[in-house]
Amino acid sequence: MTAKDARRRKLLRTIGLHFSGMDMLKALGMYLMSVMGCLLLRSFDMHNDTSYVAMIFLLDVFLTAFWTDGYLLGIIAAVVGVFSVDYIFTYPFWHISFTLTGFPLTFLVMMTISILTATVTSRAKQMEQIRRDAEREKMYADLLRAVSHDIRTPLTGIVGATNVLLEQDGTLTQEQREQLLRSTNEDAQWLIRIVENLLSITRISSEEARVKKLPEPAEEVIESAVAKTHKHYPEVDIRVHLPDELMMVPMDPLLIEQVLVNLMENAVIHGETNHIDVSLREEGSCAVITVSDDGRGIPQHLLPKLFEGSARSDRSQDGKRSMGIGLSVCRTIVLAHGGVIRGDNKPEGGAVFTVTLPMKGESDED
């Protein structure tokens with residue numbers, strides 16, 4: 001698609017005139033169902049009462065406008081529906097009846113109501129989309145501000161440490177040199193994980209992108225995330241609690257693995273714990289994954305804005321480890337899967353994060 005075609009498509013969407021071939025099939029299918037439904041009801045009607053016909057076609061107009069993009073198809077459905085009521089379901093059947101007494105007024109009233117229904121429904125959808133876009137832009141702005149801080153601070157540490165090594169190497173002891181190299185390595189590893197989070201966001205942030213959800217064994221995704229976390233923090237005791245039966249959950253395994261790695265890393269860095277419990281269970285039609293620890297918990301003043309991308313713990317290492325970026329990435333990924341994530345403190349101490357994912361859904365999330 002060229003840039004000109006993209007601009008044209010965006011303009012048509014903005015003014016409500018854009019729709020796809022699938023939208024046309026939806027509109028045609030609902031119209032045919034309305035006609036067949038009315039014909040079926042008329043076959044059982046012994047009194048020729050067709051008052052229900054107008055209601056059914058108004059419902060068709062509403063559903064067409066609700067389930068398709070733009071409002072052009074909704075208006076077309078309104079016009080076709082009104083003519084169908086007259087031609088198919090108004091006596092004499094299979095004839096246009098504009099000459100009947102009172103029919104022109106009835107025709108105009110029904111046409112007006114149908115068009116207004118299609119327009120209002122479509123505009124409501126557009127306003128909801130605008131609201132979601134505004135929330136997404138705000139989230140990206142918050143992430144950008146938080147990321148700029150978390151990238152700048154480690155880079156400053158790396159530059160400072162390497163400058164000392166280059167300029168004062170002859171005066172440093174072996175212990176001082178190792179400490180500077182260790183600090184540089186930790187900062188570099190932290191930057192790598194920030195980039196991994198940003199790449200995860202990039203995979204689901206573009207307008208054309210879709211989260212590809214295929215049934216995956218949740219146990220394997222959890223074990224992979226635990227192994228990756230244990231590689232970075234070998235001293236941490238991570239205990240996994242899995243159900244007896246295999247659970248297949250529609251997901252993008254790499255993205256959900258990133259969520260779990262972020263939650264476990266958050267427990268180590270900000271919870272200051274060496275014990276983490278990861279559990280999986282089934283509740284109704286959902287898979288529930290919890291990541292809990294016995295650390296210091298979440299400060300109460302951070303709970304309301306935990307997933308906004310700006311939450312910065314006062315327990316972070318030298319104030320340069322933002323807990324908000326990873327958690328904001330977690331929320332974005334989980335929401336893209338149609339799930340819910342929440343965090344809280346346990347009564348006995350420590351924090352617990354709960355990720356709820358639907359176990360049934362389409363393989364391609366719209």
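Return yes or no: is L246 surrounded by fewer than 13 Cβ atoms within 10 Å (Cβ to Cβ) and hydrophobic (A, V, I, L, M, F, W, C)?
When the stated conditions are applied, L246 passes them.
K228 fails exactly one of the following numbered conditions: (1) part of a helix (DSSP H, G or I); (2) over 20 Å from V195 (Cβ atoms); (3) touching a residue at least 24 places away in the same chain (Cβ under 8 Å). What is the number of that condition?
Of (1) part of a helix (DSSP H, G or I); (2) over 20 Å from V195 (Cβ atoms); (3) touching a residue at least 24 places away in the same chain (Cβ under 8 Å), only one is false for K228: (2).
Checking A146 against (1) at pLDDT 75 or above; (2) open to solvent by less than 30 Å² (accessible area, probe 1.4 Å), which single condition isn't satisfied?
(1)
Restricting the range 308-343 to residues that are within 17 Å of the chain's Cα centre (by Cα) and under 15 Å from E265 (Cα atoms), which is modelled with the lowest pLDDT?
Start the filter on the range 308-343 by keeping residues that are within 17 Å of the chain's Cα centre (by Cα), which leaves 308-309, 325-342.
Restricting the remaining residues to those that are under 15 Å from E265 (Cα atoms) gives 325-330.
Numbers: I325: 69, G326: 78, L327: 85, S328: 80, V329: 81, C330: 87.
Once the filter is applied, the top-ranked residue is I325.
Restricting attention to the range 281-298, does a residue exist that is aliphatic (A, V, I, L, M), over 17 Å from V334 (Cα atoms), out of contact with any helix residue (DSSP H, G or I) (no Cβ under 8 Å at 6 or more places or on another chain) and outside any loop (DSSP other than H, G, I, E, B)? It would help to see each step written out before you state the result.
Our first condition is that a residue be aliphatic (A, V, I, L, M); within the range 281-298, this holds for 287-289, 291, 298.
Subsequent filtering for residues that are over 17 Å from V334 (Cα atoms) retains 298.
Remaining after also requiring out of contact with any helix residue (DSSP H, G or I) (no Cβ under 8 Å at 6 or more places or on another chain): 298.
Those left that are additionally outside any loop (DSSP other than H, G, I, E, B): none.
For the range 281-298, residues aliphatic (A, V, I, L, M), over 17 Å from V334 (Cα atoms), out of contact with any helix residue (DSSP H, G or I) (no Cβ under 8 Å at 6 or more places or on another chain) and outside any loop (DSSP other than H, G, I, E, B): absent.
Could you tell me which of the residues P234, P243 is more than 26 Å from P358 (Cβ to Cβ), over 21 Å from the mean Cα position of the chain (by Cα) and assigned to a loop (DSSP other than H, G, I, E, B)?
Values: P243 fails: more than 26 Å from P358 (Cβ to Cβ).
Exactly one of P234, P243 is more than 26 Å from P358 (Cβ to Cβ), over 21 Å from the mean Cα position of the chain (by Cα) and assigned to a loop (DSSP other than H, G, I, E, B), namely P234.
Residues being open to solvent by less than 80 Å² (accessible area, probe 1.4 Å), within 31 Å of the chain's Cα centre (by Cα) and hydrophobic (A, V, I, L, M, F, W, C): count how many of those fall in the range 179-202. Give the steps one after another, and end with the answer.
Kept after step one, since they are open to solvent by less than 80 Å² (accessible area, probe 1.4 Å), are these residues of the range 179-202: 180, 183-184, 187-191, 193-198, 200-201.
Add one more test, that the residue is within 31 Å of the chain's Cα centre (by Cα), and what stays is 187-191, 193-198, 200-201.
So of that shortlist, the ones also hydrophobic (A, V, I, L, M, F, W, C) come out as 188, 190-191, 194-195, 198, 201.
So the answer is 7.
For a quick check of your reading of the model, give me the residue pairs whose first member lies in the range 185-211 and is of a type in the set (A, V, I, L, M), whose second is in a loop (DSSP other than H, G, I, E, B) and modelled with pLDDT of 70 or more, with beta-carbon atoms closer than 8 Å and at least 6 apart or on different chains.
Within 8 Å, the pairs are I204/V211; V211/D252; V211/H337.
Can you tell me which residues in the range 52-71 are of a type outside the set (A, V, I, L, M, F, W, C) and either open to solvent by less than 40 Å² (accessible area, probe 1.4 Å) or not in a helix (DSSP H, G or I) (or both)?
Here is the first cut: in the range 52-71, the residues of a type outside the set (A, V, I, L, M, F, W, C) are 52, 60, 64, 68-71.
Within the range 52-71, D60, T64, T68, D69, G70, Y71 qualify.
Report, by residue number, each residue of the range 172-209 that is modelled with pLDDT under 75 and not in a helix (DSSP H, G or I).
Across the range 172-209, the qualifying residues are S206, E207, E208, A209.
Being within 25 Å of the chain's Cα centre (by Cα), open to solvent by 60 Å² or more (accessible area, probe 1.4 Å) and under 15 Å from S279 (Cβ atoms): is that true of E219 here? If you could, list the steps in order and put the result at the bottom.
Working: within 25 Å of the chain's Cα centre (by Cα): yes; open to solvent by 60 Å² or more (accessible area, probe 1.4 Å): no; under 15 Å from S279 (Cβ atoms): yes.
So E219 fails the test.
Out of (1) farther than 29 Å from Q126 by Cα; (2) at pLDDT below 80; (3) of a type outside the set (K, R), the odd one out for L40 is which?
(2)
The values are calculated or read from the model by the stated rules, or taken from the named source; none is laboratory data. It should be emphasised that the depicted structure is a prediction, and the values quoted were computed from it without experimental measurement. Cβ: placed from backbone, ideal geometry, glycine included. Neighbour counts: every protein chain shown. These accessible areas exclude ligands, DNA and RNA; they are computed on the full protein's heavy atoms, side chains included. Shrake-Rupley method; radii C 1.70, N 1.55, O 1.52, S 1.80 Å.
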